[in-house]
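Everything on this sheet refers to the single structure shown next.
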Amino acid sequence: MTKSAMRGALIVLEGCDRSGKTTQCAKLVEALNNMKIPAKKISFPDRSTPIGSLINDYLARKIELPDRSVHLLFTANRWELEPEIRKQIEAGVTLIVDRYSYSGVVFTSAKQCVDFKWCCGPENGLPKPDIVMFLKLSTGEMAKRSGFGDERYENIEFQHKVDMNYDKFKNDNFIQVDAAQDVSILTNTLLEQVLKTIDTVKNQELDDLVL
Ligand code: 2DT
């Protein structure tokens with residue numbers, strides 16, 4: 001990156017199912033674009049690639065795979081997009097990302113017998129998000145929201161374990177936001193953080209992730 005170019009920010013939204021991540025990612029991109037700030041949404045898993053297609057079949061219960069093997073597929077799915085992520089950020093585009101490495105680690109390690117530390121290893125070296133906003137929803141509130149589908153992991157008991165695993169990621173660029181608040185108030189809360197982050201990191205290098 002040349003010093004004169006202002007880079008975009010890498011913004012990640014995380015949270016359990018039904019926490020509103022996908023809606024909020026779309027609203028953030030729309031709000032930024034309305035302000036003439038270049039921004040795009042990306043989602044993990046990205047089901048459009050060959051690896052993503054395997055992941056989709058696994059989530060839809062069409063195929064079975066060993067836990068560690070599918071974990072590495074989710075990670076490989078991020079590495080597939082890594083050059084594009086760096087390219088966009090360097091070109092000044094802010095990326096709003098629906099799930100990232102944190103989902104990878106908290107979901108796999110919510111399964112019995114897969115170690116949290118082991119799950120972190122293959123994520124290291126990916127672009128480090130400038131901020132991770134964790135949309136926190138109580139399991140009671142989660143149960144009230146419209147029904148879970150038939151995909152793997154879509155049940156309250158598993159989501160509760162996932163929620164507890166997210167607690168292991170409390171650090172300076174991982175902030176928790178109340179996902180139960182009104183949708184547009186939540187968008188404004190998140191947008192404020194996004195704008196602050198874009199301004200803070202615009203002249204900084206993008207770091208590598210270390211979990
Ligand atoms: P969506 O419902 O958001 O499409 O997610 N998952 C996701 C993992 O187990 N590992 C990962 O690395 C990622 C990104 C979370 C589908 C499911 O895939 C899980 C829910």
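The values are calculated or read from the model by the stated rules, or taken from the named source; none is laboratory data. No experiment lies behind these values; they were computed from the predicted model shown. Neighbour counts are summed over all protein chains in view; Cβ atoms, including those assigned to glycine, are modelled from backbone coordinates with ideal geometry.
Restricting Leu65, Leu95 to residues that are farther than 20 Å from Asp207 by Cα and not small (Gly, Ala, Ser) narrows the list to Leu65. Restricting the stretch 44-71 to residues that are β-branched (Val, Ile, Thr) and more than 9 Å from the ligand (Cβ to nearest atom), the residue that is surrounded by the fewest Cβ atoms within 10 Å (Cβ to Cβ) is Ile63. Does Val105 satisfy being near the ligand (Cβ under 9 Å from one of its atoms), aliphatic (A, V, I, L, M) and buried (at least 20 other Cβ atoms within 10 Å of the Cβ)? Criteria met by Val105.
In the set (1) crowded, with 19+ Cβ neighbours inside 10 Å; (2) within 16 Å of the ligand (Cβ to nearest atom); (3) of a type in the set (A, V, I, L, M, F, W, C), Ala76 fails one condition alone, (1). Counting just the residues of the stretch 23-43 that are of a type outside the set (A, V, I, L, M) and within 13 Å of the ligand (Cβ to nearest atom), which one comes out farthest from Gly140 (Cα to Cα)? Step by step, filter the stretch 23-43, then rank; the result is Lys41.
Restricting to the stretch 6-56, what's the tally of residues that are of a type in the set (A, V, I, L, M) and more than 25 Å from Glu192 (Cβ to Cβ)? Residues flagged as of a type in the set (A, V, I, L, M) and more than 25 Å from Glu192 (Cβ to Cβ) within the stretch 6-56 amount to 3. Restricting attention to the stretch 130-163, the residues that are among the hydroxyl-bearing types (Ser, Thr, Tyr) and at pLDDT 80 or above add up to 2. Here the stretch 122-159 is the region considered, the condition is being of a type in the set (Lys, Arg) and assigned to a loop (DSSP other than H, G, I, E, B), and the residue that is farthest from Gly104 (Cα to Cα) is Arg145. Here Asp182 passes the criteria (1) surrounded by 13 or more Cβ atoms within 10 Å (Cβ to Cβ); (2) away from the ligand (no atom under 16 Å from the Cβ) except the one numbered (1).
Inspect all residues belonging to the stretch 117-134 and state whether any of them is loosely packed, with under 15 Cβ neighbours inside 10 Å and on the phi > 0 side of the Ramachandran plot. Looking for residues that are loosely packed, with under 15 Cβ neighbours inside 10 Å and on the phi > 0 side of the Ramachandran plot, one finds at least one in the stretch 117-134, hence yes.
Every residue in the stretch 111-132 that is under 17 Å from the mean Cα position of the chain (by Cα) and of a type in the set (Val, Ile, Thr), please. Residues satisfying the conditions are Ile131, Val132. Scanning the stretch 8-22 for any residue that is more than 12 Å from the chain's Cα centre (by Cα), away from the ligand (no atom under 15 Å from the Cβ) and under 28 Å from Asp178 (Cα atoms) turns up at least one such residue. Can you find, within the stretch 82-101, the residue that is surrounded by the fewest Cβ atoms within 10 Å (Cβ to Cβ) among those that are on the phi < 0 side of the Ramachandran plot and within 11 Å of the ligand (Cβ to nearest atom)? Checked the stretch 82-101; the qualifying residue surrounded by the fewest Cβ atoms within 10 Å (Cβ to Cβ) is Asp98.
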